[in-house]
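In what follows, a single structure is set out as C-alpha cells and then discussed.
The values are calculated or read from the model by the stated rules, or taken from the named source; none is laboratory data. The shown structure was predicted, so the numbers you read here are calculated from the model rather than taken from an experiment. When we count neighbours, we look across all protein chains shown, and the Cβ atoms used for this are built from the backbone with ideal geometry, even at glycine. Note: accessible area is taken over every heavy atom of the protein model, side chains too, but ligands, DNA and RNA are not part of it. Shrake-Rupley method; radii C 1.70, N 1.55, O 1.52, S 1.80 Å.
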Amino acid sequence: MNLTHLDDNNRPKMVDVSDKYETRRVAIASGEITMSDEAFEAIISNTTKKGPVLQTAVIAAIMGVKKTSDLIPMCHPLLLSGINCDVEEKPELPGFKLIVTAKLNGQTGVEMEALTGVSIGLLTIYDMVKAIDKSMVISNVQLEKKSGGKSGDFIREDLNND
C-alpha cells in the first residue's frame, strides 16, 4: 500500500488534489464534555467568571474549523462555504454535546475541519470552567456524517441510537 503523504523518497508531502473534480462536500462531527453538576449549572446559569461559555465555545469551534490547515500539517487550506455549530445540553451526563457542520464546494473533504472545530470548541468549554471542575472529560469526538468526493457518503452506523 502506498502512503499518500509520502513521496518516492519517503519525505512528507501534501497530496495533490489538482486533478480531482470539485464536488459539494459536507462533514458533521460531534463530541461531548462531561462535568460536575456545579460546573454544568454555572454554564447554564451564565455565572462563570470568564463570561458566556457556550457562545464562546461556538466562536472557538468556528475558528478551529477555519484554522485547521494551520494546525494539521497535511490539511489543505480550504475555501469554506459554511460552518454551523450546535450545542446540546445533556443534564443526564451532566455536560454538553457539540456538533459542527462544515461545508464547501471543492476538491478535498472537510472531515478534519469539522473534527478540529469540535475539539477546539470542547477545549474552550474546559478552559473556561476549569476553575470550577478540573476533572471534566472530553470524549467521543467523532465523524458523524460526510458527503461528497471520491469515497462517497459516510453515515455513522450508531447515529440513530442516541
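About its Cα centre, what dipole magnitude does the chain give when the only charges are +1 on Lys and Arg Cβ and -1 on Asp and Glu Cβ, stated in debye to the nearest 20? Walk me through the numbers on the way to the answer.
Details: 18 positive and 23 negative charges, 108 e Å.
Roughly 520 debye for the chain.
What figure in square angstrom, to the nearest 10, would you give for the accessible area of GLU41 with a 1.4 Å probe?
100
Apply the a/c threshold of 1.5 to the C-alpha gyration tensor of the chain and tell me whether it is rounded, prolate or oblate.
Numbers: a/c = 2.31, a/b = 2.00, b/c = 1.16.
Judged from the Cα gyration tensor, the chain comes out prolate (a/c at least 1.5, a/b above b/c).
Using 1/(1 + (r/R0)^6) with R0 = 25 angstrom and r between the beta carbons of GLU157 and LYS90, what's the FRET efficiency to the nearest 0.05? Write out the running numbers ahead of the final one.
Numbers: r = 21 Å, r/R0 = 0.85.
After rounding to 0.05, the efficiency reads 0.70.
What is the Cα centroid distance between region 91-123 and region 1-64, reported in whole angstrom?
Between the Cα centres of region 91-123 and region 1-64 lies a distance of 5 Å.
May I ask you to list the trypsin sites (Lys or Arg not before Pro) in region 81-142 that are in a DSSP loop and have at most 13 other Cβ atoms within 10 Å of their Cβ? Numbers along the way, then the final one.
Details: sites: LYS97, LYS103, LYS130, LYS134; in loops: LYS130, LYS134.
Those that pass, being in a loop and sparsely packed, are LYS134.
Carbon and sulfur atoms: what percent of the 1.4 Å accessible area of the chain do they account for? List each step's numbers first, then the result.
On the way: 5030 of 9720 Å².
So the carbon and sulfur contribution to the accessible surface is 52 percent.
Need one value: the accessible area of ILE28 in square angstrom, 1.4 angstrom probe, rounded to the nearest 10.
Counting only protein heavy atoms, ILE28 exposes about 40 Å² to solvent.
Using a 1.4 angstrom probe and counting only protein chains, how large is the accessible area of SER45 in Å², to 10?
Answer for SER45: close to 70 Å² accessible.
Looking at the chain, how many pairs of lysines come closer than 17 Å at the Cα, when each pair is eight or more places apart or spans two chains?
11
With the other protein chains left in place, how much accessible area per residue, in square angstrom, belongs to the chain at a 1.4 angstrom probe?
On the way: 9720 Å² over 162 residues.
About 60 Å² of surface per residue is accessible.
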